[in-house]
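Right, one structure below, let's go through it.
The values are calculated or read from the model by the stated rules, or taken from the named source; none is laboratory data. Because the structure is a prediction, the values reported are computed rather than measured. Cβ placement follows ideal geometry from the backbone for every residue including glycine, while neighbour counts extend to all protein chains displayed.
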Amino acid sequence: MEGQRVNAYYRLFAQKHGAPRFRRNYDPAKRDSQDTVNLALSAASACLYGVVPPGPGVQPNGRASHTLGCPPGRSATARRGGCTEWMSSPQPIELIRLSKVYGTGAAAVTALDSITLSFPSGSFTAVMGPSGSGKSTLLHCAAGLERPTGGQVLLAGTDLTSLKETVLTRLRRERVGFVFQSFNLIAALTAEQNIALPLRLAGRRPKRAELHAALHQVGLADRAGHLPNQLSGGQQQRVAIARALVTRPHVLFADEPTGALDRNTSREMLTALRSLVDGSGLTTIMVTHDPLAASYAHRVVFLADSRLAGELVDPTIETVAARMTRLEGLPC
């Protein structure tokens, strides 16, 4: 039954996304089919964190067969599947007059209204606002998960709104990491095997050293062989962060990463995330409703009524909570 379910998941995903076919089906009794089960299981959850199996134009190592993100006429050496100028870009992400409208006519709902915002290299930015203010929509548009109605999303000068879906998919896989409120870990796989999923989806056979390095970055080097149910909620979320980091992304997007965690576990996870940002210079954008989570960021950007409503630099729990109280129109 397990094998049938895994194979069914993979066949459906392969039909939709053009994933490669395999010569053998998954047989739980056969040890040598571990590679296949990892790929098949990951197919069921791949879309949840923004990666898909390689398609046309992608080499076996998961890199695009052309350089992404380099301006026309510029020479560039392929690095991480892209232009070497990426890492030196002072503004890895820029949103220019970004708008998003759902529906048409009288039923149209404006989620983002002409947002212009930049995220400096190595910065940790939290995005906050009342319910329905457009926080998650902003993150999804910035990450290339949703197409904006108007404006531009620039990743190191590459306008995501002008890219074909196949190119955009490769860019997300190679340059962007995702962490969500639900951990999206495969229960039957160890922490190390879960971290390997994006690499396998990109057609790469992961090296144990790079998997251990990703676990070490989030303080879980001694948990490589543990299953998700043997880890705390905070540890599971840190495994999810390590999975997002193993492809060496240039930007990490986190959507309510502490939403399923208690207070103490949230602090544990956020401390690890802030240390990671400060130590590696990874540009990080986090949507949250929690002043505690926002206080770990370098700055907080506020949205209200689908528009920018100010920002705080070096935030504290108290200053964030006070600003949110004013935005929500609540009595102090």
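Some observations on this one:
- When segment 293-311 is filtered for residues that are surrounded by fewer than 20 Cβ atoms within 10 Å (Cβ to Cβ) and among the small types (Gly, Ala, Ser), the ones remaining, listed by number, are Ala304, Ala309, Gly310.
- Hits in segment 224-254 (condition: surrounded by fewer than 21 Cβ atoms within 10 Å (Cβ to Cβ) and charged (D, E, K, R)): Arg248
- Matching entry among Asp314, Asp262, Asp290 (being surrounded by 20 or more Cβ atoms within 10 Å (Cβ to Cβ) and either assigned by TED's automatic domain parsing to the domain that holds Gly129 or of a type in the set (Val, Ile, Thr) (or both)): Asp290
For (1) at pLDDT 90 or above; (2) over 24 Å from Gly234 (Cβ atoms); (3) part of a strand (DSSP E or B); (4) of a type in the set (Phe, Trp, Tyr), each residue gets a yes or a no:
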position	(1), (2), (3), (4)
Pro249	no, no, no, no
Glu268	no, no, no, no
Arg274	yes, no, no, no
Asp278	yes, no, no, no
Ile285	yes, no, yes, no
Leu292	yes, no, no, no
Val300	yes, no, yes, no
Ala321	yes, no, no, no
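- Restricted to helices (runs of 4 or more DSSP H) entirely inside segment 103-216, those with at least 2 residues that are at pLDDT below 90 are 165-175, 191-201.
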